[in-house]
Structure formats: C-alpha cells, structure tokens
Amino acid sequence: MKSWVIRGLRKGVLTTRFPKGDAEDVPLWTTKPVKMSDGEVRCPAGAISDGAVDMNRCISCRRCSEHYMPDGRPVHSTVNSGISIASRSFHIYMIDTGSCGACNSEVHSLHNPVYDFNRLGMFVTNTPRHADALIVVGVVSEGMEMALKAAYEAMPSPKIVIATGTCSISGGIIGKGVDGVLPADVLVPGCPPSPYAILDALIRARDAK
Amino acid sequence: MTPMFFLVLFSIPPLFALVDRRCAYISGAVVSVISALISGVLLGSGSTSMLTFSGTIIFRLDALTYLFLLIGAIAWFAASVYSISYDRTGRINSLTFSISILAMVMVIVSYSFVTLLIGWELMSVAGYLQIGYRRNAGALPPFLFLVFSELSTLLIIAMAAVIYSATGSMSYRPFVSVWALLLGVMGFAVKLGITPFLLTDWLPVAHGSAPTNGSVLFSGTMTMAGVYCIMRFISLTEPYMGIGVLMMAAGAFSLVFASIFAASSEHVKYLSGYSTIENGGSMLIALGAIVVSLYYHDIKLAAFAAGAVIVYVFAHTVGKAGLFMFAGLIERHAPGGRLDAFGGGMPDTSSAGGALDAISLAGLLPFGGGIGEWMLLETLFIMVTFSNYGISVLSVFVGAAVSLGGGLSLVAMSKIAGFGTRGGRDLKEGRGMHAGVMITGAAVLLLGIFSSYLLLSSGNAIRIVSGTTVAGLIKGLLVVPQGLLITSPGPDGVFGLVSPFYLALLITVFSSTAYMLFGFRSVRRRVPVWSGGTSAGGSYDSCQYSNPMRFMFRHLFPAMEKGSSELPANAAWSYAKRMASRYCDCSAEFGRWFMNSSINRYMLYIVIALIAVLVYVAI
Amino acid sequence: MTEENTDVLSGAFKDIEAWNAIFRNGTTLRRMQENRLSLYENFDYIAGRAERGESGGKEFIYGPSSGGMLESIRFRMSTEGERISSLVPEFSFKNRSLKLGGKDTETALLLAERINGPYSASYSALFCGVAESILGIQPSHEVRLTRMLACELERIACHLFVVGRLCEAASQSVATAHIFGLREKILRMISRRFGHRFFFGLNDIGRIRTPVDFHGISESVDAVVNEFGDLWQHLSSSTLFIDRIQRTCPVHLESSVGPAARASGYSTDERLTEGLLPYSDFSFNFRKEYEGDSLSRALIRSHEIEESGSIIAQVTDQLHKADASRPASISDRRGEGIGRIESPGGETLLYLRLGDSIERAYIRSSSLANLQAFVRGISGAVFTDFAFAWESFGLWVCEMGGVI
C-alpha cells in the first residue's frame, strides 16, 4: 500500500498538457498528408483528388508515401452540432458496430493517465440511458444496425452522435458508415484517430454553441 | 331452525347435478346465499336446536355451527358462481362438487361420531372421484388424497372408540381423555395439511391436481371443516397443556417449511396448496394457544385466541378459495401450470379479486388475513408473560416462526399477485370465473375492515370454546368510535390495539389524496427496455423472482431438477413418494388382475363398503 | 499424422461442397467428411458455428452492446441464481464479412491489416509471408527482422493491455493506471518509429513501406519491461488481486493456442517452429504454467513481455536501420499456401489460394480457437468472475468473424 503511494509520487505527472499545451507524439500517419512531389498516386480509399486529401476517407495506408508526407499536426474533426448543455459533465457511451478493435483501443486510451479525460469533466457510462454522446466505432455491420438505433433511441435528448474513425464516417474500404442510419454530428477522422483527435473532437463538441 | 333444513337445502344441488351441471351450480349458488343469510342472522342470536334420530344419528345447530356454515357458504357461493363458467366437462364433476359441499355441511352440523364419520368419508369419496375423474389425472394424486383422507378417518375412528369406551355413547359429550383429544387433533390436522415427518407435500399434489372447483373445496372449506372439528372437541374436554404445546410446535414447524416451499414453487396450484399448509399451521398454533390459555385459566386470552382462529379461518377459507380460483384461471393459460409460462392478460375483475386474496393471505392489514395474523402474534406475545418458562420460550419460538412464515408468504403471494395480474386485459374466459374470484376478494377486504363486528357477533361461538366472549376487548379510543378498535388482553390490561376500519380509512384518504394531487399530472412514458441493443431475452419472470429463495434454502431441495416444473420436493417426501408410487403400481397391478377393472373403482368400492358398514352400525 | 483423432484440428473451412481440414503443424489441406470432422470437439468453433448451441435453463443475456465489454458480443448465460451453468457466445453481431476472395493482393493486404487492429503487425506479416512464398519472392533479412521486431513490440503492447484490463476488472485502479501508462509509452514509441500506433501500412509484399530507425528502441523497451516487471512483482504480493484471479476459469483444452494454451501446460508456440519469421536465430525462454486459470494466463503474459524485450534487444543488436525498398516485381505465379504466425493471442492460421486474384482465403484466428476454452472454463463460475475470466484470455471479437 505504502509502496504504491511512493511509486506514484516518484513517477510524477504523466498527463499531457493538451488541450492547453501542445500535443506530444502525434502519430504521424494519422495526420493529413501534404503533397510533396508530382506523381501518380493510387489511393485505395479514394481520399486523394487533385492533390487534396479528404481526411474523412484516409485510412493511413501509406500508399501515397512516395509523393505525400503527413504534416504532423493533429487533425481537426468536423463538428456539425455540439452539446453545450453538457459543458461540466459530459457522458459518453461507446458502441462498437463492427470495428477492427483499434478504434476501441484508442477510445479506451482516453482513460489512461496520459490523456485522462476525466480531468476535463468527461466520463464513460455503461448504458446509453445516461449518455450525452454516442461514440460509434467501426463500420455499421448488419448485426449491429438495430442495436445502434436502439442505443440512440435509448439516449435522452439532447444527444449527439460522434462517428469515430474512417470506418464509421464513410465505411472506408470495408463497409458502410453511420450515415443513413443515424445523423452524425461529429466526424473524427483517422484510421484509427489518435487519442488527441478524439479528445479534441469531444472538447469541441461540448463547447460548440 | 332445524339442522334438517340445511341438510335438505344442500341436497338440492346434487339432485340437479343428475340432470344438468349448470343447474347444479346455479342452485348451489342460490342455496349458499340462503344458508349464508340464515346463519348470519342466527349467529348472534345464540339459539340452538338439536335433532336426534336415534342414539347415534344426531345433528345440532348452535353458534359455532352457524359461524362455520356462514364462512363455508360464502366460499361455496363464490365457488359455485366460478364453476358455472369453469366446468365444461360432464356431470361427474358437478355431482361430486355438490356432494362434497353436502358432506361438509353434514360434518359441521353433526353431533355424533357416526354422522361425523359418514360426512367425513363422503367428503373423501367425493374428493377422490373429483380428482380421479379429471382428464389426464395420473394415478398418484387421487391415491394420495385417499390415503391421507383415510389416515385421518382412522385416527378419528380411534378417537371415537376411546370416547365410546369411556362414555358409552356415540354422541358428542364432554369427555376426559388426553388420548382421545390427541388422536382427534391428529386426525383433523391431516385436513390442515399437518402430517408428521415433513410429509406435507401430499396436499399440494392432491389439491393441485384436482379440477379447480374441487381444489377450492379441499383447500378452502375442507380445511375449515378440520378447524371446526378441532374447535368443537377442544370445547368438549378439559385443556391438556401437552396437547396445546404439541399443536403449537407442530403448527410452527409446518408453517415455516410450507412457506418456504410455497415461495419457491412455480406451479400456481402447488403454490396455493403449500400456502394452505402454512395457514393450517397458523390456525393450529392459535388452536393450541386456546388450549394453553385455558390450562392457565386465562379465559380472556383464550377468547382472544378463539377470535384469532375465527378471523383466520374466515380469511383463509374465503381467501384461499379465491386464490385457487385465480390459480385455476392462470393454469388454463399457462403450459404446465407454471407461473413463469403465463403470458398475462387477466381482466380487471379477477386481477383485483386475486390481488385482494393474495394480499390477505400474505397477512397484511387491514385485510382478514392480516387481522388474523396480528391477533395470533398478540396471543403469542401475551403468552410469553405466562408463569411457565417453558411456555414463554415456546411462545417466542413459535412467534418467530409465525413472523418468518408471514414474511416468506409475502414472497409467494406477491409473486402470484404480481405475475398473475400483469400484461393486457385480453384473456378470454367466462364471466362467472372472474365474478367468483372478485366475490372472494371483496369478502376478505370487508371481513378485515369489519372484523371487530365479526368478533362481536360470534361472541356465542367464542363462548362455547373459551367460556367468555371478546366483547370486552372491542373498544373505542379518542376519535375511534366504540366497536371499531380491537384490543388484546395483556396481563395488565390492554396489550396491543388495532383498528382495521381506521387503517382502511386512512389508506384510502391518503392514497386518493395523493392520486388527486399528483396522479393526473404525472406523465407516463413507455420506453423500450435497453437490453444490450437487442430485444431478445433477459425477461424477469416469476422463476427468477423466487430464485433467491431457492438458493437460500437449497439444502431443502435435494431432489429439485434443473428447470423442472416438479414440486420443490424435500428429501423425506421424495422417499415417501417413491415408496408410494411403487405401492401404487403394485396395487394397480393387483387391481387389474383381481378386479379386471380400474383401480379407482376398486378403491371406491372399498370406501363405499366402509360407509355402508358405518350406516348399518348407525341404524 | 497417422491417427487423426490424436491430432489437433486447427482449421476447417468449406470450399465448394467439401470440407478442408488443417491440422496443427500440418502444411497441407485434408479433404474430410463433415461427420468425421464433427468428431473433433473444437470443430464447431473453428468453423465459426459455435453460436448454434442451446444454453438451456434460465437465460441471462449480456450484450451485444454493453459498457463492460470493449467490443460487441452477446452472451446467453444459463443460470440457476449465482453461477453460470453454461454459456453460448454470439460473436457475429459485429461481423464485417471481410472478403479477401476476388481481391488483388494489394487490397487484400489492407483488409488483412484490419482483421484485428491491435494484432495488425502479425496479420500483415502473416499475409505478406504466405503471399511471398506463393509468389516466390524472397524478402530481405532486414525486412524479416523488421517484421519480427514489429510483432514483438505488438506483443508487448497487447500483453500490457490484457494485464491492464485484468487489473481494471479486479478494481486495481492504481496498478491499472500504471500499466496503461506503460502501454501508452510503448504505443508512442511505436508511433515515433513506425509512423503509426498499430503498424498500419508498414508491411508490403516483399518489403516494408517506410524506413525505420531502430536506434534506441531497445533502451526504451527495456525501461518499460523493467518497470512492468517491478509492477507485476508488486501486484503478485497483493492478495486481493491474486485471490480474484487464482483458480478463476480453470481450463485445459488441447486445441487452445497461445498464452491460454501455455498457461494450461500445452507447449504450442509458433515462434519455436521454422516459420515465416527468423525466430530461430534468436534465443528466448519458453515458459509454461499448469493451472490453466486466470492467474496462470497473466503469469505467462508477464513473462512473455520480458522475453519479447530480450528478443527486441537481440534484433536491434543486429540491425540499426531498415530502409524502405522498391516494390517487389510483380510475379504471376499461382498456387496455394498455409502459413502460421504467433500473434499476441496465439497461433493464427492463414490459407491462401492465388490465381489471377485471390481465389480463396481462410483465417482461423487465435481468438476463435480460444473462445471454446473460455466457454468451457466459465461454466460453474459465479457471475462476478466473468470479467476476470474474459479479460484473462485477451480475446478480440473482431477477428472471430474470419474472412471469406
């Protein structure tokens, strides 16, 4: 018991200064690729057209790495509508509709001492009944479509849907996205989005007027 | 008024039954109403009348008879109304049903052992036939019913023999024999479901397998007949403390186990059957308390305990009749009679009636069952102050058992009331059935609210047993007018008090005020259940409701199979049942070989022969 | 492979009416009748048909979407009160029906990486390895070592995650925070070196796509491994923690794979066989436990974290830097191949038949192989043990669906 306390003190503060400070160690290939040289690029996800990269489609496959280089800055998510009512206590429920597990793992990372999103007044609930936001990860599979709708129905209003990762935004190269099943209020790009991107999206959704 | 009147009156429905079953039931209902009115009027009058044919055939009417005729008639009325819609089979059911009632009337108005035994045996035969001729009835339930009925008959015959050898008369006379009383109490207690060695399970099997209107008679009024007889014989002999103690101990023991089995039973009728044993136990405790109080010359307490028995037997007879009718309705729509397989949809009338019955049987105030339980507990509390330490300790233990049983019965009753009344109101059944249930529900509610008046008007009946009335205990206090407050006679004046009328009034006032204030404004939202995103499964049915009970008392149920609809059988019972069924098989084989006919008829032949002998002796 | 029933069936799939079976360590397909296959008790599981079972009795339904599980899976548990008497897992809710058949190897590789994100390095190395052996491409030693390094880093990250989740389930909040902190450290190190926290886009057929600098990897891994070792030693002295996982969900099942198999005394580890990656050039300790309970599985994982650290140190001694090479020349060879790799969850099996495009692919994931062990071990456990049991196996539902 005592030793746990000493161990903790000796370890110091691990938590990132983000969003007040800069984001450290942003995974390079979750940031936006920028064109460096001319040449033919075959983007399997169809994210590149006319030299511009649509991050909502990018799957971090590096097929463009000969001519494009990521800029290293965290991507900003698209916030269509926010939920300012939850500014002090923001509860989220994650539903996995068909992911590869990476997005689940990154959302789970928000708990760890490095990102520690509780410090920002954000919490995970165990039931959509208590949730302000529904984080959808993965493509919408046939088996989970009903469950996704049921979870949305079960949430009290006001509520928002956060499509997290390319799969849930557009379906990526695997299936169909959340569009057409539920209205997506926030789109967090990335395959998987870095914890910073998710955190940033949550903050901006909460603070949006 | 002559006893012949009631006997003739109740002979009408069996005659109609030979013609048409509906006529039998309608005439049964009419006859019951007439006899309820007459006995209700004569109950307070204190009139008696005797009818003697010879030295052995004697009938008598007195306050105690009127009281039990009144209680019985209410239950028979409800059961007859119920049967009009319930019974869709041939005439045998209606014939045996009305003969059963006639036999019970005969038992109650008898004043000699011969007529008592004839009535008693007739009751057994009619019951046996009613169970045996039900479609899909197995060999075991009717056989069990008969075995235990005959056991009770044997004990009563033994009692009669002991008394006859002492007094030289077959008529009821005051007698001085501890053995006679012991044999009698044991014999009659069988009808209350109290049998030694934890072999209580025969009653739910036998009563549960009968057609519902039969179950109503067996569990409601046949138990009442047993209580009547014990009360009658207590009044005829001096109080033997040992027997009183034995009754209290046996009652407490059966009560606890029966209430555990009731709470963990899934079959609606078995649940009700176990509840009968539990109530039988309570009544036996109260009867034992009368004996012990009389032994200590505390006639006020004895009168109070007799009052407890009367309220209890009223609430049990009518309430249990109602509960069995309610269970019969559920059984029709639940595969295997399992409560967890019942889809719901009971209409308002029977839902309300069934719920009222169940609440009363759960022992809640201000219902009849609650008043009875309160009076019983008060009696036991006061007995703690007796000078004999043994009695004090016994009273504490018995009181604990009664409380425990009351708590456990709340599980069983809330289960049947909760899961039996859920869902929409779209169940299609004849109106008579719903009306029958509602009659009993209203009766137990009214009984509870006006129990002080019942106690006052059955003063003469109580006097027969205890030597005094409870008139002195019915009082008034502050705003409670005279006659609406029941008090219990402690060693230093009033020990405890309750006014069921005022309880009912306050509950009504508060709940209707709350409803008027908030009820109309509340918005009901129905949202789909969140169950992991799918609608499948996860329902909370009655089986899960009582699972904690099964788990807590798992050592009592070694024989219970996973997910079986069998009884939560105890070990002693499992063994006895195996032996019985082996015996049954053997005798069936023998019967086939010997009579080349059905075993039921063979059994019937034996019993009828016995009655014939009795009648021959009588003449 | 003489007597079939003594072999361990490790994969079975249906290909145009006929069943093909793959046995442990076997390199060929075996055609078999369904009724003979169904003699193997794990057949229903590895063929992905385990959901048909009847649980019987009173059912308690958990899932598919629930706060306690990381992924979507539904369990139908039959119970008589406190104990789970049997359990039927329904894992196809989130099945994405990944289809490799008819795709070219480029696209198929992208899908293979995404069968299970956290095991992405293993899956892509497996896919590339099998495809290379069919196409006759010999990747350089440097590439093979890089893949191996990635697999070992992935193993550390995944094992840390499993142990962390186990602590989380056992309410060891302080230890959980420490362990997830370490995992984050490893993931960040991976993302700095490999450009992505889950190795997406690293492997390509015959090469690695972006250059990797190995300098200093060993030191930072060592720091994490040492700190974890210290933490684990501390955790082992917490009776509260040990009580919860000791003798929980004990199971011995020969067809199980990976840490779950090694925790119950079976010596199965693809790193010990001559496989796709050059493990035989390096030395590491192999450890078994015999109890088969949650504690044993956690012990095996904590030990493997240490051993992976040692493998990484040996690899980085040989290699300091890996350059991105030119794409391998397209070959038009056809054929079929079976490959295995030890993913963090255990032996993962891939069968691939290449024509103009991929004709048939079958993957038996480690989670599917171990699911049966979980189902068997959990019966008889009390409900509160569910979390310790499930997390100790480290199963991923995403890879249970398999591919077509």
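The values are calculated or read from the model by the stated rules, or taken from the named source; none is laboratory data. Note that this is a predicted model, so its numbers are computed, not measured. Here the Cβ positions follow ideal geometry from the backbone for every residue, glycine too, while neighbour counts run over all protein chains shown. Calculation scope for accessible area: heavy atoms of the full protein, side chains included, ligands and nucleic acids excluded. Shrake-Rupley method; radii C 1.70, N 1.55, O 1.52, S 1.80 Å.
Here A:T164 clears all of (1) more than 14 Å from chain B (Cβ to nearest Cβ); (2) of a type in the set (S, T, N, Q); (3) under 18 Å from B:W530 (Cβ atoms) except the condition numbered (3). Assessment of region A:185-208 against the conditions (within 14 Å of chain B (Cβ to nearest Cβ) and modelled with pLDDT under 95) yields no matching residue. Being of a type outside the set (S, T, Y), over 29 Å from B:I157 (Cβ atoms), crowded, with 24+ Cβ neighbours inside 10 Å and in contact with a Leu (Cβ under 9 Å, 6 or more places away or on another chain): is that true of B:L255 here? No. Of the listed requirements (1) open to solvent by 40 Å² or more (accessible area, probe 1.4 Å); (2) more than 30 Å from B:R526 (Cβ to Cβ), B:L454 misses just one: (1). Once region B:224-252 is narrowed to residues that are open to solvent by less than 10 Å² (accessible area, probe 1.4 Å) and of a type outside the set (A, V, I, L, M), the residue that is nearest to B:M383 (Cα to Cα) is B:G244.
When the residues of region B:501-536 are filtered to those that are in a loop (DSSP other than H, G, I, E, B) and away from chain A (no Cβ under 14 Å), the one that is most open to solvent (accessible area, probe 1.4 Å) is B:R524.
Within region B:471-483, can one find any residue that is among the small types (G, A, S), surrounded by fewer than 21 Cβ atoms within 10 Å (Cβ to Cβ) and in contact with a strand residue (DSSP E or B) (Cβ under 7 Å, 6 or more places away or on another chain)? Among the residues of region B:471-483, at least one is among the small types (G, A, S), surrounded by fewer than 21 Cβ atoms within 10 Å (Cβ to Cβ) and in contact with a strand residue (DSSP E or B) (Cβ under 7 Å, 6 or more places away or on another chain), which makes the answer yes.
The residues of region C:89-105 that are without any contact (Cβ under 8 Å) to a residue 40 or more places away in the chain and more than 7 Å from every other protein chain (Cβ to nearest Cβ) amount to a single one, C:E90. Residues of region A:103-118 that are open to solvent by 10 Å² or more (accessible area, probe 1.4 Å) and more than 10 Å from chain C (Cβ to nearest Cβ): A:N118 alone.
Among the residues making up region A:140-186, a single one is within 27 Å of C:E106 (Cβ to Cβ), touching a residue at least 40 places away in the same chain (Cβ under 8 Å) and part of a strand (DSSP E or B): A:T164.
Which residue is surrounded by the most Cβ atoms within 10 Å (Cβ to Cβ), if the candidates are limited to region A:23-50 and must be β-branched (V, I, T) and out of contact with any Pro (no Cβ under 6 Å at 6 or more places or on another chain)? Applying the filter and picking the extreme gives A:T30.
Across region A:23-54, the number of residues qualifying as among the aliphatic types (A, V, I, L, M), within 14 Å of another protein chain (Cβ to nearest Cβ) and within 30 Å of A:L110 (Cα to Cα) comes to 5. Looking across region A:125-139 at every residue that is within 11 Å of chain B (Cβ to nearest Cβ) and outside any loop (DSSP other than H, G, I, E, B), the one that is farthest from C:S65 (Cα to Cα) is identified as A:H130. Considered as a group, the residues in region B:345-392 that are among the polar types (S, T, N, Q) and not in a helix (DSSP H, G or I) include one that is nearest to B:I486 (Cα to Cα), and that residue is B:T385.
Each row is one residue, and each column tells you yes or no for (1) of a type in the set (A, V, I, L, M, F, W, C); (2) under 18 Å from B:S531 (Cα atoms); (3) more than 18 Å from the chain's Cα centre (by Cα); (4) open to solvent by 10 Å² or more (accessible area, probe 1.4 Å).
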{"position": "A:A52", "(1), (2), (3), (4)": "yes, no, yes, yes"}
{"position": "A:H76", "(1), (2), (3), (4)": "no, no, no, yes"}
{"position": "A:S89", "(1), (2), (3), (4)": "no, no, yes, yes"}
{"position": "A:Y93", "(1), (2), (3), (4)": "no, yes, no, no"}
{"position": "A:G101", "(1), (2), (3), (4)": "no, no, no, no"}
{"position": "A:L120", "(1), (2), (3), (4)": "yes, no, no, yes"}
{"position": "A:F123", "(1), (2), (3), (4)": "yes, no, no, yes"}
{"position": "A:D132", "(1), (2), (3), (4)": "no, no, no, yes"}
{"position": "A:A147", "(1), (2), (3), (4)": "yes, yes, yes, no"}
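Within region A:63-74, the set of residues being buried (at least 20 other Cβ atoms within 10 Å of the Cβ) and within 30 Å of A:F117 (Cα to Cα) comprises A:P70, A:P74. Listed by first and then second residue, the pairs linking a residue in region A:40-60 that is touching a residue at least 12 places away in the same chain (Cβ under 8 Å) to a residue that is open to solvent by 20 Å² or more (accessible area, probe 1.4 Å) and of a type in the set (K, R), with Cβ atoms under 6 Å apart and 6 or more places separating them unless they lie on different chains, are A:A45/A:R57; A:A47/A:R57; A:G51/A:K35; A:V53/A:K32; A:M55/A:K32.
Per the conditions (1) more than 9 Å from every other protein chain (Cβ to nearest Cβ); (2) open to solvent by less than 60 Å² (accessible area, probe 1.4 Å); (3) under 21 Å from the mean Cα position of the chain (by Cα), the sole criterion not satisfied by A:K20 is (2).
Every residue, every condition in (1) within 14 Å of chain A (Cβ to nearest Cβ); (2) open to solvent by 30 Å² or more (accessible area, probe 1.4 Å); (3) in contact (Cβ under 8 Å) with a residue 40 or more places away in the chain, yes or no:
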position: C:A18; (1), (2), (3): no, no, no
position: C:R31; (1), (2), (3): no, yes, no
position: C:N35; (1), (2), (3): no, yes, no
position: C:I46; (1), (2), (3): no, no, yes
position: C:E59; (1), (2), (3): no, yes, no
position: C:G68; (1), (2), (3): yes, yes, yes
position: C:E71; (1), (2), (3): yes, no, yes
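Just to be sure before I move on: is B:F59 in a helix (DSSP H, G or I), more than 27 Å from B:S350 (Cα to Cα) and either open to solvent by less than 60 Å² (accessible area, probe 1.4 Å) or free of Cβ contacts under 8 Å to residues at least 12 places away in the same chain (or both) in the structure I sent? In short, no.
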